[in-house]
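Visitor: Let me begin by handing over the structure; questions about it come next.
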Amino acid sequence: MNLNSSIFDCIRVKAQPAQAPREHAIGCDHPGCSQAGGYRAPKGRKHEGQYFCFCLDHVRLYNQSYNYFNGMTDDAVARYQKDATIGHRPTWTMGAKRSEGGATADTDPEYFVDPFGVMRGRAEAARRKGARPEPQAPRVGVAAAKALDTLGLDDTATADSIRARYKELVKRLHPDANGGDRSREEKLREIIQAYKHLRTARLA
């Protein structure tokens with residue numbers, strides 16, 4: 001950019017008139033003071049948004065003795081401080097504010113406008129509250145349940161308990177443990193088959 005261009009020669013800026021310094025038209029509110037009241041000080045409780053205008057010396061004096069809670073009891077001060085945490089606005093527990101008819105968000109889905117159905121599940125859950133829980137599906141299939149029954153166990157048995165039970169039954173029913181008695185060989189074969197099925201089903 002060429003600042004010496006002739007284009008800049010025709011630009012004129014209107015000079016602004018010098019502004020006279022402002023004078024404080026408001027006098028000090030302190031009795032007997034004739035100085036300008038250029039400093040605001042709050043009037044206090046029950047006069048929120050209203051201010052005194054003092055000179056510098058008197059606003060310092062006023063601030064030293066200012067007490068917003070003057071005249072309030074200790075309980076009233078504590079209550080005010082507690083309400084200040086919520087901006088002195090009324091609050092309710094979620095779902096506790098009742099309408100004129102006594103309905104709540106838990107009992108009446110029309111209690112509030114919910115065009116997208118975001119809170120519909122809350123009303124349905126309230127209606128189901130107290131209902132009997134639905135029976136859970138068995139953890140194992142029919143064949144696995146039968147194999148567990150062969151071992152004398154139910155569907156809550158863990159892999160460790162299945163292996164321990166299998167070893168116990170094999171030691172008890174094996175012919176070597178019964179002095180060569182083969183009368184229980186059929187039962188032993190059933191137990192071995194049941195255990196093999198449980199291993200295939202990854203339960204043992």
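Visitor: Filter the range 164-201 for residues that are among the acidic types (Asp, Glu) and at pLDDT 80 or above; which is surrounded by the most Cβ atoms within 10 Å (Cβ to Cβ)? Can you show your working first?
Guide: Just the residues of the range 164-201 that are among the acidic types (Asp, Glu), to begin with: 168, 176, 181, 185-186, 190.
Still in the list and also at pLDDT 80 or above: 168, 185-186, 190.
On the way: GLU168: 12, GLU185: 13, GLU186: 10, GLU190: 15.
Once the filter is applied, the top-ranked residue is GLU190.
Visitor: While we're on this one: Tally up the residues in the range 30-71 that are touching a helix residue (DSSP H, G or I) at 6+ places or on another chain (Cβ under 7 Å) and either assigned to a helix (DSSP H, G or I) or under 20 Å from ALA84 (Cα atoms) (or both), please.
Guide: Qualifying residue count, the range 30-71: 1.
This table checks each residue for (1) touching an Asp or Glu at 6+ places or on another chain (Cβ under 9 Å); (2) of a type in the set (A, V, I, L, M); (3) within 30 Å of ILE26 (Cα to Cα).
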| site | (1), (2), (3) |
| --- | --- |
| HIS47 | no, no, yes |
| PHE54 | yes, no, yes |
| ARG60 | no, no, yes |
| SER65 | no, no, yes |
| PHE69 | no, no, yes |
| ASP74 | no, no, no |
| GLY87 | no, no, no |
| TRP92 | no, no, no |
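The values are calculated or read from the model by the stated rules, or taken from the named source; none is laboratory data. What you see is a predicted model, and the numbers here were worked out from it, not measured in a lab. Using ideal geometry, Cβ is built from the backbone for each residue, glycine included, and neighbour counts are taken over all protein chains shown.
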